[in-house]
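> Can you keep this structure in mind? I'll have questions shortly.
The values are calculated or read from the model by the stated rules, or taken from the named source; none is laboratory data. Model, not experiment: these values are computed from the prediction. Positions of Cβ are backbone-derived with ideal geometry, glycine not excepted, and every protein chain shown enters the neighbour counts.
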């Protein structure tokens with residue numbers, strides 16, 4: 001099952017079941033009638049002394065000392081090909097593509113590019129966030145292929161969940177800062193430039209904020225034993241006794257980790273686009289301006305496509321949990337979260353397209369060219385081009401007596 005919480009409705013009425021009084025006790029007789037008619041399981045019938053829950057999700061969930069017991073509907077989701085075939089295949093693609101490309105991006109930004117600038121520093125941090133998520137994917141792939149049965153223990157499950165959401169929120173915040181940096185570079189090209197030192201400080205602050213934002217994920221149980229399936233889920237089922245905590249957390253994070261960065265990008269990129277259109281440029285720089293506009297559109301579209309469905313479904317899902325309403329779009333929710341992870345393998349290709357410097361260094365790295373040999377090739381190419389132009393010019397520099405850098409008419 002994809003990262004998420006499958007929390008279901010139920011009643012507790014046997015002695016071995018722990019009772020938890022919810023914030024709002026709601027009687028759901030019609031739900032219990034449906035459960036009582038379920039021929040697959042011998043569910044306990046309600047009594048006068050039973051405590052009624054509405055925990056939302058698919059159907060009924062009973063919490064015992066050993067774990068939880070889920071209904072037939074929940075079992076069908078946990079055993080579906082969606083969670084045991086489709087989702088792990090997507091993660092395999094992300095791992096195979098994202099691991100080498102993000103490692104290459106970090107190498108280029110930190111090692112190959114000698115002259116650092118704010119954009120390269122922010123992009124290096126974005127690649128690092130993607131890589132830190134991708135290296136944990138093999139365990140998640142194993143989990144889904146094994147029928148959503150987690151065998152690596154509670155601590156590693158918490159680490160996996162923490163890095164999943166950490167990558168999401170770190171990416172949204174960094175992309176928001178990149179949009180602000182681009183806007184500032186276009187509107188203030190000469191005054192008050194963003195220095196590398198300030199950019200490094202901003203990056204460190206982003207990592208600290210993301211670490212603080214993901215700390216609550218380590219404070220409640222992420223692994224839950226499903227007794228009637230004999231599996232242990234990782235973050236796919238939330239214990240009824242711990243429901244209020246993740247509901248409040250994810251609704252808050254949806255606003256701080258997605259809505260705010262999204263608003264920043266939606267405002268900054270159109271303003272940058274308008275400034276570029278108003279700027280007076282000659283024909284030689286028109287291509288650069290056009291490419292800058294295209295790159296901004298690509299980054300904004302990728303941000304909206306990768307993060308909007310997953311975060312909207314995340315907030316909708318936990319809003320339904322808080323309102324005690326069943327989520328009938330849970331399959332779309334887990335698919336949206338999975339597809340949102342595609343940004344981890346798409347980001348390096350965006351770097352390759354929008355940055356000529358990055359593209360050149362990647363080509364030289366793949367061809368095993370050192371930085372020094374690449375520079376020598378540039379230097380050796382320049383005289384050949386100059387001599388060709390000089391020989392084809394009727395009046396050369398030596399004849400006119402003009403300086404070498406002065407263009408000839």
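> Considering only the stretch 232-255, state which residues are in contact with a helix residue (DSSP H, G or I) (Cβ under 7 Å, 6 or more places away or on another chain) and modelled with pLDDT of 90 or more.
Answer for the stretch 232-255, where residues must be in contact with a helix residue (DSSP H, G or I) (Cβ under 7 Å, 6 or more places away or on another chain) and modelled with pLDDT of 90 or more: 234, 249, 250, 251, 253, 254.
> Go through (1) under 29 Å from residue 145 (Cβ atoms); (2) touching a helix residue (DSSP H, G or I) at 6+ places or on another chain (Cβ under 9 Å); (3) surrounded by fewer than 22 Cβ atoms within 10 Å (Cβ to Cβ) and name the single condition residue 186 misses.
Unmet for residue 186, out of (1) under 29 Å from residue 145 (Cβ atoms); (2) touching a helix residue (DSSP H, G or I) at 6+ places or on another chain (Cβ under 9 Å); (3) surrounded by fewer than 22 Cβ atoms within 10 Å (Cβ to Cβ): (1).
> Now a separate question. Exactly one of these conditions fails for residue 297: (1) farther than 20 Å from residue 182 by Cα; (2) free of Cβ contacts under 8 Å to residues at least 60 places away in the same chain. Give me its number.
Among (1) farther than 20 Å from residue 182 by Cα; (2) free of Cβ contacts under 8 Å to residues at least 60 places away in the same chain, the lone unmet condition for residue 297 is (1).
> Right, here's the next one. Checking residue 279 against (1) closer than 30 Å to residue 290 by Cβ; (2) exposed (fewer than 15 other Cβ atoms within 10 Å of the Cβ); (3) under 17 Å from the mean Cα position of the chain (by Cα), only one condition comes out false. Which one?
Unmet condition: (3).
> Just wondering, is there one or more residues in the stretch 242-252 that are more than 25 Å from the chain's Cα centre (by Cα) and surrounded by 14 or more Cβ atoms within 10 Å (Cβ to Cβ)?
Among the residues of the stretch 242-252, at least one is more than 25 Å from the chain's Cα centre (by Cα) and surrounded by 14 or more Cβ atoms within 10 Å (Cβ to Cβ), which makes the answer yes.
> What helices (runs of 4 or more DSSP H) completely inside the stretch 290-409 contain at least 2 residues that are modelled with pLDDT under 85, crowded, with 19+ Cβ neighbours inside 10 Å and more than 20 Å from the chain's Cα centre (by Cα)?
On the way: elements: 330-340, 343-354, 356-366, 371-392, 397-400.
Result: 356-366.
> Got at least one residue in the stretch 194-216 being outside any helix (DSSP H, G or I), more than 14 Å from residue 166 (Cβ to Cβ) and either without any contact (Cβ under 8 Å) to a residue 12 or more places away in the chain or touching a helix residue (DSSP H, G or I) at 6+ places or on another chain (Cβ under 9 Å) (or both)?
yes
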